[in-house]
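The values are calculated or read from the model by the stated rules, or taken from the named source; none is laboratory data. None of the values given here were measured: they were computed from a predicted structure. All Cβ positions, glycine included, derive from the backbone under ideal geometry; neighbour counts span all protein chains shown.
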Amino acid sequence: MKTYSQKPTEVSREWFVVDAANVPLGRLTTLVAQKLTGKQKPTYTPHIDGGDYVIVINAKLVKATGDKRRGKVYYRHSGYPGSIKATTLEQQLEKDSTKVIEKAVYGMLPKNKLRDGRMERLKVYSDSDHSHEAQKPKKLSLTKGKS
């Protein structure tokens with residue numbers, strides 16, 4: 001029996017919608033990263049981008065366990081001396097909640113040339129409205145045992 005290797009022309013993509021309301025950030029992002037890479041598919045091939053499209057809604061209602069709302073800090077630096085900026089998770093959720101999920105998913109994806117293409121298939125919205133109803137996305141639940 002030969003090992004199956006998926007070709008780029010054989011890739012079929014589906015659309016999924018995930019509700020982030022009251023879901024821990026880590027659980028949400030692991031599911032999203034898995035769907036973007038296509039690891040749940042039997043045709044998974046590491047060097048071919050065979051993942052699906054994922055829509056995340058209600059990003060502003062994502063849950064942070066423990067003391068992460070005040071304790072988790074995002075840093076950015078312009079490169080100039082003394083220009084480091086720090087933002088807590090709570091401040092970032094108020095400012096732009098979509099960036100929190102995008103940054104978490106970006107860190108969970110494999111560090112290779114396929115990462116940018118996978119991130120383009122991630123659509124994050126801070127409320128429950130999205131403009132992808134024409135694609136007929138399937139609903140994903142994050143309950144135990146189902147995904």
### Residue check for ALA86: surrounded by fewer than 16 Cβ atoms within 10 Å (Cβ to Cβ), among the hydrophobic types (A, V, I, L, M, F, W, C) and free of Cβ contacts under 8 Å to residues at least 12 places away in the same chain
no
#### Entry: Subset of region 74-108 [hydrophobic (A, V, I, L, M, F, W, C), closer than 20 Å to LEU25 by Cα and more than 19 Å from the chain's Cα centre (by Cα)]
ALA86
### Message
So, THR37, is that one hydroxyl-bearing (Ser, Thr, Tyr), over 18 Å from TYR125 (Cα atoms) and at pLDDT 95 or above or not?
### Response
yes
### Message
What's the total number of residues in region 43-67 that are within 22 Å of VAL17 (Cβ to Cβ), polar (S, T, N, Q) and surrounded by fewer than 16 Cβ atoms within 10 Å (Cβ to Cβ)?
### Response
0
### Task
Check TYR80, TYR75 and return the single one that is more than 23 Å from LEU142 (Cα to Cα), touching a strand residue (DSSP E or B) at 6+ places or on another chain (Cβ under 7 Å) and at pLDDT 95 or above.
TYR75
### Query
Yes or no: THR43 in a loop (DSSP other than H, G, I, E, B), farther than 26 Å from VAL124 by Cα and among the β-branched types (Val, Ile, Thr)?
yes
### Query
Restricting region 101-128 to residues that are over 22 Å from LYS68 (Cα atoms) and of a type in the set (A, V, I, L, M), which is surrounded by the fewest Cβ atoms within 10 Å (Cβ to Cβ)?
MET119
